[in-house]
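Worksheet: one structure, shown below.
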């Protein structure tokens, strides 16, 4: 297949103009097929949906076709949710109809570990060779906010288009990542949950995302792969083009067994895998949280490869912790120069505050304008490559109201997060030193929901202006280490 | 001093019947002294408060005494917020009045690193030898919910009495821990922020808490100590009586420098400290989050020393992750016996779910009664020592409403967390196998506050019945490892 016809096939699969859903029944609304139709209607899928099911009739105002061949005009993508025993005939129909790709939600094949399961699965895989590309089986399929195509649960799922791609065996993880992204201001280019990967696999998706100019960061969750060498080659080549943030699960004995029963692939020997993946340039993470933290750093901090942090904030313990954590990850908190220190000194009362770095501003209520000036001084110090600003929203709002305000005062109005985000943004643009906000949650009881609301608004304001935020120092510094290692590694290879 | 008179002194300091606050001015409401008076009024301090300040007059309806000697009757504890240059004369007044202890909020002594600062501080320390015990200077002092005595900010700060004690140099950290505790259902016995520790120090507080029958768990945040051997002896002895969950900061070069300017003590050589603290039996943690996670395990899981986890929940990726994480921390996910597996099999549809352990229940909406039966089967497997139950509240409520409900339906009513907490509690009582809930937050945008509310109610319901909850597997398993290591270590010493 030529490159351009290959691209065209993938355009039809990722951004289909027409979508057939096989396995729909008007009388079974709670089934994968019917739910998938509703999900894509709710999510505002821009193409045409053709439900298909032997019973016929109507669902959500759409005609249910009794066979794929009865659909007028071409079908780009088929979503298949028929029972396992009908899978091969459904695929045969798709092939005859000229469908570009089929994503198979149905489970019960290779992952069962039975002879029968494996046999049907290789039957499925054979269609890939004939020109009908297969996503799955045992998967959730494709989510593409650019055309509104989505996976279950659908409707309220992340709709924001963006430049982050995801590939992974686990559908549940695709869902969780999709739901997590809006709170971080992240948008997706495409997400692909590929389950048993009998045809389209991690390596191929890596290549596609690497060559996609609208994709800036690739994320992946890999349990195991069938052809390790092929995967490593694709990873190596993709990593030279853009960061690949990868969670490789199943690196232990128990983990490897869990992988086997989850998607029927081999986890492999942990230590060997780890070193091979690192050598291939992957940014390795060990969970969903670290994956998203790292993506946030790649999204906002460019090709940052610094070493020295300035830490600015109130509360000495956070400062000490930042120094420990920085060193743990290979960074440092360089002592401010005499001139930096004397400039900062003029901005703050001297007793109870230490200004050598961390710049302990003494209490959490120091207003944005003064914090801005302290950050600007810090940024001008030649040893400082990034600023970590600690802001305790709980104290700025709730504690302040308790001590000085009246109980009815809305907390959102007391928070200066918007102003502070703007100041952070100005400083980073003026000085080229990035600012990262640390916003610890502190309280978590039901009675403190109002604080949580302000915290979320503060994160939103910062992310909107390109200032990443993290709930604690460790997560911030760990994400910065991942960013740093990637760019150092990549620059060394150039 | 005899033991009983020593106890009496500490009763007067921790639970004072009378409290003098030095450094109060009717015209300066925003000053440590005045704020401290308000904080203790708001927190419902049960004893009598005597504000003291040269200006006289009234504050919050209380007479301001112009000298300590004018107060009728004895004073148990003095809180001192006078300027640094007046500190010694204030202490002289306290000594003459027969005050048992003085907590000094004023800063600007040894931590400045100046000759003058050190000189005044040793003057302060001298009072300790004369019978006036000193907490501080440069500290927030004592929080004791048993008598309502509190630190700044006061009023809305944790009021729940409990059996967890805290000692630490950092006042800010005491505040943050105090605010964090209610969300975890934890209550405090006493919290002591001791700042520069010129008289009462970490070692002495450790001894006091170790000998206090109403204290079950000790937590501590230590930057540095003056007498390392004394501290290690106290730690060793305390650890044989109850767990001491300790965060030792300043273990790196930068950290050590930050400690120096924060509270004027030496951080010391990291590796040596670490191994000495471990040998002395401390449960070492590296942050506030891990500290509280670990306390939660000690509060609810007794003397647990198991090794094998059963993981129950929907979403295969979480299962694989649990196996990896378990092994990383020295635990395992033993494969279920044939009989366990066949029992669980009967409770679930077979396709798409794997039951070897993790028991992947296939989707997040499996109701509590079925989860209960699966957990009970798991608990009866001889290799299972604890159950990790994964519940995704977001999907149980928000996603379910999206797919099957109506938009106006309140999410709290859709969640079965109360029922599930009760079932978890029954299982743990019946089988003696503890159940730990994993409640990942998933979403964090301002529009999803309703989910966060249910999550908080779910945590509250579980903690109320003695079932600990964690936001992710790693934090749960890390806390269990700390618990396990403590009890194994302690039992080996018996």
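The values are calculated or read from the model by the stated rules, or taken from the named source; none is laboratory data. In this text the structure is predicted, and so the values were computed from the model without any measurement. Glycine also receives a Cβ, built like all others from the backbone with ideal geometry; neighbour counts cover every protein chain displayed.
Residues that are at pLDDT 95 or above, within 13 Å of residue B:304 (Cα to Cα) and either more than 19 Å from the chain's Cα centre (by Cα) or more than 14 Å from chain A (Cβ to nearest Cβ) (or both) are absent from the stretch B:460-467.
Checking each residue in the stretch B:281-294 for being surrounded by 21 or more Cβ atoms within 10 Å (Cβ to Cβ) and within 14 Å of chain A (Cβ to nearest Cβ) picks out B:285, B:288, B:291, B:292, B:293.
Output the number of residues of the stretch B:383-400 satisfying the condition of being touching a strand residue (DSSP E or B) at 6+ places or on another chain (Cβ under 9 Å) and either farther than 10 Å from residue B:415 by Cβ or not assigned by TED's automatic domain parsing to the domain that holds residue B:480 (or both).
So the first thing to find is which residues in the stretch B:383-400 are touching a strand residue (DSSP E or B) at 6+ places or on another chain (Cβ under 9 Å), and the list is B:383-392.
Of the ones still in play, those that are also either farther than 10 Å from residue B:415 by Cβ or not assigned by TED's automatic domain parsing to the domain that holds residue B:480 (or both) are B:383-390, B:392.
Here the count works out to 9.
Of all positions in the stretch A:385-405, at least one carries a residue that is more than 27 Å from residue B:176 (Cα to Cα), out of contact with any helix residue (DSSP H, G or I) (no Cβ under 7 Å at 6 or more places or on another chain), outside any helix (DSSP H, G or I) and in contact (Cβ under 8 Å) with a residue 24 or more places away in the chain. Applying the condition of being over 20 Å from residue A:488 (Cα atoms) and outside any helix (DSSP H, G or I) to the stretch A:322-336 and asking which residue is farthest from the other protein chains (Cβ to nearest Cβ) yields A:336. Would you check if there is a residue in the stretch A:416-429 being surrounded by fewer than 24 Cβ atoms within 10 Å (Cβ to Cβ) and modelled with pLDDT under 95? There is at least one residue in the stretch A:416-429 that is surrounded by fewer than 24 Cβ atoms within 10 Å (Cβ to Cβ) and modelled with pLDDT under 95.
Taking the stretch A:151-162 as the range and being touching a residue at least 60 places away in the same chain (Cβ under 8 Å) and touching a strand residue (DSSP E or B) at 6+ places or on another chain (Cβ under 8 Å) as the test, the residues that pass are A:151, A:157.
Look through B:433, B:366 and report the one residue that is away from chain A (no Cβ under 12 Å), surrounded by 20 or more Cβ atoms within 10 Å (Cβ to Cβ) and in a loop (DSSP other than H, G, I, E, B). First the steps, then the outcome.
Values: B:366 fails: surrounded by 20 or more Cβ atoms within 10 Å (Cβ to Cβ).
Exactly one residue qualifies, and that residue is B:433.
The residues of the stretch B:321-340 that are surrounded by fewer than 17 Cβ atoms within 10 Å (Cβ to Cβ) and over 36 Å from the mean Cα position of the chain (by Cα), listed by number, are B:337, B:338, B:339. Taking the stretch B:478-494 as the range and being over 14 Å from residue B:300 (Cα atoms) and touching a strand residue (DSSP E or B) at 6+ places or on another chain (Cβ under 8 Å) as the test, the residues that pass are B:485, B:486.
Residue A:377 fulfils the conditions (1) touching a strand residue (DSSP E or B) at 6+ places or on another chain (Cβ under 9 Å); (2) within 28 Å of residue B:105 (Cα to Cα) except for a single criterion, (2).
Number of residues in the stretch B:153-170 that are facing another protein chain (nearest Cβ under 9 Å) and closer than 23 Å to residue B:11 by Cβ equals 3. Cβ-Cβ distances below 6 Å connect the following pairs, each with a first residue in the stretch A:298-313 that is over 17 Å from residue A:473 (Cβ atoms), a second residue that is at pLDDT 95 or above and part of a strand (DSSP E or B), and a separation of six or more residues or different chains: A:298/A:217. Return a yes/no flag: does the stretch B:98-108 have any residue that is modelled with pLDDT under 95 and surrounded by fewer than 22 Cβ atoms within 10 Å (Cβ to Cβ). Yes, the stretch B:98-108 contains a residue that is modelled with pLDDT under 95 and surrounded by fewer than 22 Cβ atoms within 10 Å (Cβ to Cβ).
Evaluated against (1) within 14 Å of another protein chain (Cβ to nearest Cβ); (2) free of Cβ contacts under 8 Å to residues at least 40 places away in the same chain; (3) more than 27 Å from the chain's Cα centre (by Cα); (4) closer than 28 Å to residue B:189 by Cα, residue B:31 falls short on exactly one condition, (2). Those helices (runs of 4 or more DSSP H) of the stretch B:147-250 in which 1 or more residues are over 14 Å from the mean Cα position of the chain (by Cα) occupy B:202-210, B:228-239.
When residue B:367 is tested against (1) closer than 18 Å to residue B:437 by Cα; (2) at pLDDT below 90, just one condition goes unmet, and that condition is (2). Consider residue B:175 carefully, then state whether it is modelled with pLDDT of 90 or more, closer than 17 Å to residue B:208 by Cβ and in the same structural domain as residue B:201 (by TED's automatic domain parsing). Against the criterion (modelled with pLDDT of 90 or more, closer than 17 Å to residue B:208 by Cβ and in the same structural domain as residue B:201 (by TED's automatic domain parsing)), residue B:175 does not qualify. Looking across the stretch A:337-362, the residues that are within 22 Å of residue B:32 (Cβ to Cβ), at pLDDT 80 or above and assigned to a loop (DSSP other than H, G, I, E, B) come down to A:347, A:348, A:361. Scanning the stretch B:48-69 for residues that are within 19 Å of residue B:93 (Cα to Cα) and more than 33 Å from the chain's Cα centre (by Cα) yields a count of 11.
Among the residues of the stretch A:411-430, not a single one is closer than 23 Å to residue B:474 by Cβ and within 14 Å of chain B (Cβ to nearest Cβ).
Got at least one residue in the stretch A:303-314 being under 21 Å from residue B:172 (Cα atoms), more than 14 Å from every other protein chain (Cβ to nearest Cβ), surrounded by 19 or more Cβ atoms within 10 Å (Cβ to Cβ) and touching a strand residue (DSSP E or B) at 6+ places or on another chain (Cβ under 7 Å)? Within the stretch A:303-314, not a single residue is under 21 Å from residue B:172 (Cα atoms), more than 14 Å from every other protein chain (Cβ to nearest Cβ), surrounded by 19 or more Cβ atoms within 10 Å (Cβ to Cβ) and touching a strand residue (DSSP E or B) at 6+ places or on another chain (Cβ under 7 Å).
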